[in-house]
Amino acid sequence: MTTLLRDYLNKTTTSVRDKFKSDTLRSAKKFLKNHKELLILNADKGNVTVLMDKSEYDIKIQTIVNDISTYKVLKRDPTNRLQDKNNEIVEKMFSNKIIDVKEKNALLCKTANPPRIYGLPKIHKEGNPLRPICSSVNSPSYNLCKYVVKILKNVTMSSVYNVKDAIEFKNKIKDTYVYDDESLVSFDVVSLFPSIPVDLALEIIASKWEDIKEYTYMTKEFFLTVVKFCIKENRYFKYNDKIYEQRSGMPMGSPASPVIADIIMEELLKKFEQDSVNKPRLLTKYVDDIFAIVKTEDTNDMLTILNGFSKSIRFTIEVEKQGKLPFLDTQVIRRNNGYQRESNIPIYMIKRTSN
């Protein structure tokens with residue numbers, strides 16, 4: 001991108017469009033140079049760029065990390081200790097012929113850094129709260145966690161609920177009819193990774209060992225030990241020169257957390273369908289965002305069943321308003337025919353029909 005911009009700016013002849021781009025680029029650089037109090041951030045959803053005042057950003061992050069029920073300040077940085085333990089596990093994997101020399105060298109950690117926390121603004125919610133994200137690149141267990149992910153991903157390949165993006169979601173709901181006594185609803189987990197108990201995660205992974213063992217030479221006990229190291233002992237991060245430990249749940253920045261959360265959400269939805277008297281006619285999810293078409297009278301019962309899965313995993317519900325419901329980067333609209341587009345937001349239609 002840098003090369004393209006440099007070549008573009010050094011062109012001797014420019015069209016009107018090129019001049020507009022060049023002037024816009026220069027004015028943007030000048031603006032940011034004169035406003036160092038601003039941060040450029042990605043929005044949590046929607047592929048949108050956000051400008052936020054640094055002081056406002058810092059207040060919101062500090063509010064998150066100062067939650068003593070979720071985080072605590074550590075007196076010492078555990079990075080070196082965790083790096084040593086990571087390397088002990090890798091050496092044991094090599095000595096037991098689970099991995100070869102090349103894999104061993106890739107998994108060994110020599111210069112680890114603590115994970116770093118940052119926030120993505122939720123511009124679709126009032127007050128623009130931040131979704132906390134941790135970058136675990138170069139952290140003690142980063143490469144070992146990615147190795148675990150390769151094994152666990154095989155369990156998620158056969159999901160009946162997952163959609164990978166808005167396009168796949170659109171194709172899944174295409175030509176779906178909604179009856180007059182039904183509603184479009186979405187459910188969202190409050191702080192997904194910190195909400196999932198590690199013991200529950202290990203229990204569910206252990207229950208799926210018959211499927212997992214085909215993809216590793218590790219024993220069940222050793223594999224669970226490695227997973228526990230990744231998601232329980234590496235729950236820490238750095239912000240403003242302070243080290244914080246996450247008191248419960250799975251680490252937000254670990255490469256292993258998303259795939260394990262996906263396994264748990266899959267298990268949760270299977271249990272939900274087993275426990276529901278009136279099952280949703282359509283049920284799908286993207287990570288922790290669930291979309292469903294349910295009988296209007298059953299919406300609250302559905303929320304109660306989901307919140308009964310674990311006392312620490314709490315769901316919120318959003319019901320369609322005036323026939324519209326936002327989900328992922330789309331807005332689902334129920335109407336008689338056709339589809340429309342508003343404010344450059346992709347909008348997909350679900351047809352509506354009567355009983």
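The values are calculated or read from the model by the stated rules, or taken from the named source; none is laboratory data. Please read all numbers here as calculations on a predicted model, not as lab measurements. Cβ coordinates were reconstructed from backbone atoms using ideal geometry, including for glycine residues, and neighbour counts include every protein chain displayed. Keep in mind that these areas ignore ligands, DNA and RNA; they rest on the heavy atoms of the full protein, side chains included. Shrake-Rupley method; radii C 1.70, N 1.55, O 1.52, S 1.80 Å.
Hey, does region 137-150 have a residue that's within 20 Å of residue 229 (Cβ to Cβ), more than 27 Å from the chain's Cα centre (by Cα) and either surrounded by fewer than 12 Cβ atoms within 10 Å (Cβ to Cβ) or small (Gly, Ala, Ser) (or both)? Explain how you work it out, then say what you get.
Going through region 137-150, the residues within 20 Å of residue 229 (Cβ to Cβ) turn out to be 137-150.
Next cut, more than 27 Å from the chain's Cα centre (by Cα) only: none.
Taking every residue of region 137-150 in turn, none turns out to be within 20 Å of residue 229 (Cβ to Cβ), more than 27 Å from the chain's Cα centre (by Cα) and either surrounded by fewer than 12 Cβ atoms within 10 Å (Cβ to Cβ) or small (Gly, Ala, Ser) (or both).
Please specify each residue of region 178-196 satisfying the condition of being over 30 Å from residue 245 (Cα atoms) and under 17 Å from the mean Cα position of the chain (by Cα).
Selection gives 186 alone.
Go through region 1-58 and report how many residues are modelled with pLDDT of 90 or more and among the acidic types (Asp, Glu).
Total satisfying the criteria: 4.
In region 241-270, what residues are farther than 25 Å from residue 154 by Cα and in contact (Cβ under 8 Å) with a residue 12 or more places away in the chain? Break it down stepwise before answering.
Our first condition is that a residue be farther than 25 Å from residue 154 by Cα; within region 241-270, this holds for 241-248.
Scanning region 241-270 gives 242, 243, 244, 245, 246, 247, 248.
Filter region 123-147 for residues that are basic (Lys, Arg) and closer than 19 Å to residue 66 by Cβ and give the result.
131
Could you identify the single residue in 199, 175, 211 that is free of Cβ contacts under 8 Å to residues at least 40 places away in the same chain and over 19 Å from the mean Cα position of the chain (by Cα)?
Checking each option against the conditions leaves just 199.
Could you check residue 201 against (1) over 24 Å from residue 329 (Cα atoms); (2) touching a Leu at 6+ places or on another chain (Cβ under 9 Å); (3) among the small types (Gly, Ala, Ser); (4) crowded, with 16+ Cβ neighbours inside 10 Å and say which number it fails?
Of everything listed in (1) over 24 Å from residue 329 (Cα atoms); (2) touching a Leu at 6+ places or on another chain (Cβ under 9 Å); (3) among the small types (Gly, Ala, Ser); (4) crowded, with 16+ Cβ neighbours inside 10 Å, residue 201 misses just condition (2).
Any idea how many residues of region 278-323 are within 30 Å of residue 255 (Cβ to Cβ), among the acidic types (Asp, Glu) and surrounded by fewer than 16 Cβ atoms within 10 Å (Cβ to Cβ)?
1
Given the conditions (1) surrounded by fewer than 16 Cβ atoms within 10 Å (Cβ to Cβ); (2) within 26 Å of residue 114 (Cβ to Cβ); (3) modelled with pLDDT under 90, and given that residue 171 satisfies all but one, which numbered condition is not satisfied?
All conditions are met except number (2).
List the pairs whose first member sits in region 82-100 and is at negative phi, whose second member is part of a helix (DSSP H, G or I) and surrounded by fewer than 19 Cβ atoms within 10 Å (Cβ to Cβ), and whose Cβ atoms are under 7 Å apart, counting only residues at least 6 apart or on separate chains?
Close Cβ pairs satisfying both conditions: 90/104; 94/104.
Residues in region 137-183 that are hydroxyl-bearing (Ser, Thr, Tyr) and on the phi > 0 side of the Ramachandran plot: how many?
So the answer is 0.
Residue-by-condition table, conditions (1) within 26 Å of residue 160 (Cβ to Cβ); (2) under 17 Å from the mean Cα position of the chain (by Cα); (3) buried (at least 22 other Cβ atoms within 10 Å of the Cβ):
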{"residue": "229", "(1), (2), (3)": "no, no, no"}
{"residue": "236", "(1), (2), (3)": "no, no, yes"}
{"residue": "247", "(1), (2), (3)": "no, no, no"}
{"residue": "256", "(1), (2), (3)": "yes, yes, yes"}
{"residue": "260", "(1), (2), (3)": "yes, yes, yes"}
{"residue": "265", "(1), (2), (3)": "yes, yes, yes"}
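In region 188-198, what count of residues is obtained for those that are open to solvent by 30 Å² or more (accessible area, probe 1.4 Å) and assigned to a helix (DSSP H, G or I)?
So the answer is 1.
Report, ordered by the first and then the second residue, all pairs with beta carbons closer than 9 Å, sequence separation of six or more or different chains, a first member in region 20-41 that is open to solvent by 60 Å² or more (accessible area, probe 1.4 Å), and a second member that is among the hydroxyl-bearing types (Ser, Thr, Tyr) and assigned to a strand (DSSP E or B).
40/49
So which residues in region 119-136 are small (Gly, Ala, Ser) and open to solvent by 40 Å² or more (accessible area, probe 1.4 Å), if there are any at all?
127
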